[in-house]
Amino acid sequence: MSFRARLTTFFLLIVVVPMAAMGFLVFRLISDSQQGKAFARADGIASAAAGLYTEASRSASLDARSVARRLQRSSRRQLPARAAALQAQVGIERITVSVGGRTVADVGARDAVAPGVATVRASSDRPARTITLSELSASQFASQLSGRGFGVVVREGGKTLATTVGAARGHSLLRSGPVNLGGKAYQAADLNFSGFGRNPVRVTVLSDNSAIDGSVTSSRVVASIFILAFLALAFSFSLLASRALQGQLANFLAAARRLAHGDFSSPIPTQGNDEFAALGQEFNNMSQQLAARLEELEREQARVRRSIRTIGDAFAANLDREALLELALRTAIDAIGADRGRVVARQSAADELTEVIRRGRLTGLETPITDSERGALEGDGLGQAWTKELTMATVALGAIESGGPPHGLITVGRPGRSFNEDDLELLRSLATRATLALANVNLHHDVQRQAVTDDLTGLSTHGHFQELLGAEMEQVRRYRYPVGLVMIDIDDFKSINDVYGHQQGDVVLRSVAGVLRENSRDVDVAARYGGEEMALILPHTDLEGTYVIAERTRHAIEALHVPLLEGTGALQITASVGVAASGDGNKDELITAADNALYVAKRDGKNRTIKADSQTANVLGGR
């Protein structure tokens, strides 16, 4: 076989076959990339669906508590009629009431979804009651989610409650993956949620794949043209090169072997002034450049390690705890050539370590990760574990407080070679700098907390109160739920200061602030409005609910016995209270209404609670 024939054969083996394989790989990558976009889009829509469903269910739970309070005094016979009246009055989609495990009332649409549940505890004369309530129908839920290029199907059991894709009605959809409906390709993502019955509510998101299929075809055509052009060009040049390589092949082969063994000291001898001589000269130039490049890479590696240490020093200026931990993990992975890792951390010394960030594939590696992290906790702050494929290394961050547990652990893993001493020392250095940065974050958060907390009472400051109420009003305007406001003024507080002194007045303020905290829910906000005046923000609470909480608080203040600082005995104090509620999100009108009600309580004799209409600021009266 001639050299040209052998060269042609080599061309087929080293160019055509790899290019064909590359073309196949490119086609697969194009397809996988577009399919990944379809998956991502469907998952994104599914995440939005889950968020919307959860938010609707949470809102329904709050309304269910309100309905439970209204039905608390109703007898079992009255429950169906009272539930129907509330359903029509409030605009709720569906209400069910169960007594002793049996449903005694079920009113509203049967396609309601995203229910919330509230339970009224049993009393001496009434068994426990469970109120299940929904504000959202399946068609409303599907309409809020549907958009251009995707549809939504809502089912319960074998029944389709709502759909924005006509061909999907009655169709048994896949839980996930591609599906064909009415001759049209979709990507399906299936979610399960709790509903009114035992059967879960299944929400299937359908992403239109037609545009993606067209994009795949177009990309494949472009890739095919590029590959064919490259093959034609390579084949032409191989024929020309075969005529010139025969005389110089031995020299080039020997030089290539020397280069393969790292010998750059013997250049290729060149003769004449033809193309082969130029090629030999270029080969020699390439050898020199390669040697220089290797030296440059070694210097670059050293520079990268110095840069990583510099990045570690920059941790101390970062005040975002989560971003700081993510940066620490990413830097550790890049610094030692790892391809995966995670961070477990705690907020305080009393908390357990929980995972906050992960990168790369860690599924199936729970045992080596646990062994490595245990070694770091029980040893000198550094642990390792090995599997057949990879090595895990863990470094502990510094202690939260002297003698206490560490802030957290950084665990990284890489396949193949184990970690050497330089790698482990670099991990220790990063952990030290990350610990300093976490200490700065904690200090910054302490300063922020002190800026919004009143030093005397421990309640929120006036400025923070205004900020929180403004934010709550934004949510009210968006989701249309009620917010209550209670304004409290200690009666005759000036006379307490005049008679007993300002220190005694401070004791009174702290005592009243303690009552506000004890009578507030977790979601409520207690603030010192100014002087002896305090305020309560009550999210998801209407006027009647606000009045009940305000009265309970007023009675608790009246029952206080504040000890005297000088002498024996105690002070009994009272407070005047004004309450208002808003459902339209106007902060100024809400404050004005509560303030006006407080003024009437003062004017009418003090030690009483007055409620006002937050829409008109007209006092309605009441005690």
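A short reminder: the numbers here are calculations on the coordinates, not readings from a lab. As the structure is a prediction and not an experimental result, all values here were calculated from the model. A quick note on method: Cβ atoms are made from the backbone with ideal geometry, for glycine too, and the neighbour counts reach across all protein chains shown.
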>> Testing the spin-label approximation: label points 7 Å from Cα along Cα→Cβ at ALA88 and VAL548. State their distance in nm.
In response: 2.4
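Between ARG169 and THR54, what FRET efficiency follows from the Cβ-Cβ distance if R0 is 22 Å, with the result rounded to 0.05? Mind dumping the intermediate values first?
Values: r = 26 Å, r/R0 = 1.18.
Efficiency for this residue pair is about 0.25.
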> Cα atoms only, segment 348-479: Rg and Dmax in Å?
Replying inline: 20.8, 61
>> What is the sum of charges, Lys and Arg at +1 and Asp and Glu at -1, for the other residues whose Cβ falls under 14 Å from the Cβ of THR457?
In response: -3
>> Could you sort the peptides 523-532, 128-137, 598-607, 58-67 by per-residue average Cβ neighbour count (10 Å cutoff), highest mean leading?
In response: 128-137, 58-67, 523-532, 598-607
> Summing +1 for each Lys or Arg and -1 for each Asp or Glu, what net charge is found among the other residues whose Cβ lies under 11 Å from the Cβ of LEU469?
Replying inline: -3
> When the chain is fully extended, how far beyond the present Cα-Cα distance does ARG77 get from ARG517, taking 0.36 nm per residue of separation?
Replying inline: 154.5 nm
> If packing is taken as the mean number of other Cβ atoms within 10 Å per residue, what is the order of 40-47, 106-113, 359-366, highest first?
Replying inline: 106-113, 40-47, 359-366
> Could you list log10 I(q)/I(0) for segment 488-597 at q = 0.19, 0.24 Å⁻¹, which the Debye formula gives when each Cα is one point scatterer?
Replying inline: -0.96, -1.39
>> What lysines does LYS494 reach when the alpha-carbon gap must be under 24 Å and sequence neighbours fewer than 8 apart in one chain are set aside?
In response: LYS602, LYS606
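So, R0 is 41 Å and r is the distance between the beta-carbons of ARG374 and LYS37; what FRET efficiency does that work out to, to 0.05?
Numbers: r = 41 Å, r/R0 = 1.00.
Between ARG374 and LYS37 the formula returns 0.50.
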>> Which order do the peptides 389-401, 79-91, 492-504 come out in when sorted by mean C-beta neighbours inside 10 angstrom, highest first?
In response: 389-401, 79-91, 492-504
> Where the centroid of each part is defined by its Cα atoms, how far is segment 338-380 from segment 456-496 in Å?
Replying inline: 42
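Tally Lys and Arg at +1 and Asp and Glu at -1 over the other residues with C-beta under 12 Å from the C-beta of GLY100: what net charge comes out? Before the final figure, lay out the partial values.
Numbers: positive: ARG76, ARG102, ARG126, ARG129; negative: none.
With Lys, Arg at +1 and Asp, Glu at -1, the neighbours total +4.
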